[in-house]
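A short worksheet on the structure shown next.
The values are calculated or read from the model by the stated rules, or taken from the named source; none is laboratory data. Source: prediction; values computed, not measured. A quick note on method: Cβ atoms are made from the backbone with ideal geometry, for glycine too, and the neighbour counts reach across all protein chains shown. The accessibility values were calculated without ligands, DNA or RNA, using every heavy atom of the protein model including side chains. Shrake-Rupley method; radii C 1.70, N 1.55, O 1.52, S 1.80 Å.
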Amino acid sequence: MSQLHVINHPLIQHKLTYMRKTDTGSKDFRTLLNEISVLMGYEVTRDLPLEDCEIETPITKMTGKVISGRKLAVIPILRAGLGMVDGLLELVPVAKVGHIGLYRDPETHKPVEYYCKLPSDIEERIVIVVDPMLATGGSASDAITMLKARGCNNIRLMCLVSVPEGIAKVQADHPDVDIYTAAVDDHLNENAYIVPGLGDAGDRIFGTK
């Protein structure tokens, strides 16, 4: 069964509080999101497999540990997911980045696919899907379905703010995908926005409202 990991480190809670504030501008919002993504990335990658590596220090030879075999891919759901990519790349600069484009139909609130570009060896990689908001769960679930259709079998979902409705949707559709989030908020309103949330993450990242 899918595991829910709430990464509520004090630094993350502090930064998220400032992100939520109405008067936080786009520049600070982007910076805070990047910093939280780095902090969350440590937990999302905590169980990466290791292997022995023989090295020589200035003092002596020793056996150290390095990340083995499986490579990483970071897949943002456009467009808000882009704000979380750089933080993960700071941790794992060699990770490949793909993109999945989904938008929410304003009438049905259901996701509509418009773009998908992935690394050619995506099925061989540990995939981290990133999207700041897990609201209805429709976009995240559809993105994961698209990745599975292309052979991915090790997928993690990393979000900033979630609600029980979205978590339940992803867990029901994809019981093999763990969810990492910095906060679980109360509920969705009639417009499918997270309450208390932080507004539209994409608009706040890019200053489009």
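Before moving on, here are some points about what is shown:
- Accessible carbon and sulfur surface of the chain relative to its total accessible area, %, 1.4 Å: 53
- DSSP beta bridges fully contained in the chain are about 40 percent antiparallel.
- The chain shape via C-alpha gyration tensor axes, a/c threshold 1.5: prolate
- For the chain, the dipole from Cβ point charges (+1 on Lys and Arg, -1 on Asp and Glu) about the Cα centre works out to 340 debye, to the nearest 20.
- Computed extension length for residue 56-residue 31: 5.2 nm, one decimal, from 0.36 nm per residue of separation with the Cα-Cα distance subtracted.
- Modelled spin labels at residue 145 and residue 121, positioned 7 Å past Cα toward Cβ, are 3.0 nm from each other.
- Difference of contour (0.36 nm per residue) and Cα-Cα distance, residue 18 to residue 105: 28.4 nm
- Heavy-atom accessible area order for 11, 134, largest first, 1.4 Å probe: 11, 134
- For the chain, accessible area per residue (1.4 Å probe, heavy atoms of protein chains only), Å²: 51
- Linear extension gain, residue 43 paired with residue 4, 0.36 nm per residue minus alpha-carbon span: 12.8 nm
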